[in-house]
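The values are calculated or read from the model by the stated rules, or taken from the named source; none is laboratory data. Just so it is clear, the model here is predicted, and its values are computed rather than measured. Only protein heavy atoms, including side chains, enter the accessible area calculation; ligands, DNA and RNA are left aside. Shrake-Rupley method; radii C 1.70, N 1.55, O 1.52, S 1.80 Å.
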Amino acid sequence: MTRATVASLAAMRRRLDEPPPENVPGQLAVDIPAGEDKPPKVCAHGNPRCGAVPARFYPCGWKCDEHQPAHTHRRRTTP
């Protein structure tokens, strides 16, 4: 190892031994309550909405097993 490398590693070790700053720029502490109660997601298909539970998220929205995109998309028939 060269002297510059040894000096650089020694400086990095000293830096690791320093205590961290109290406020790190660009970071924000947010309190998130543990176990926050949220209503379950429901199927958003139709008008009025289906409302079935459980629902999974697809790019077209929250859908139940009956209304998932694989079952409701329009298929093209080739002549």
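Numbers for the structure displayed
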{"read-out": "Meets criteria (at pLDDT 90 or above, assigned to a loop (DSSP other than H, G, I, E, B) and either open to solvent by 100 Å² or more (accessible area, probe 1.4 Å) or at negative phi (or both)) for VAL42", "value": "yes"}
{"read-out": "Subset of the stretch 47-79 [among the small types (Gly, Ala, Ser) and at pLDDT 85 or above]", "value": "GLY51, ALA52, ALA55, GLY61"}
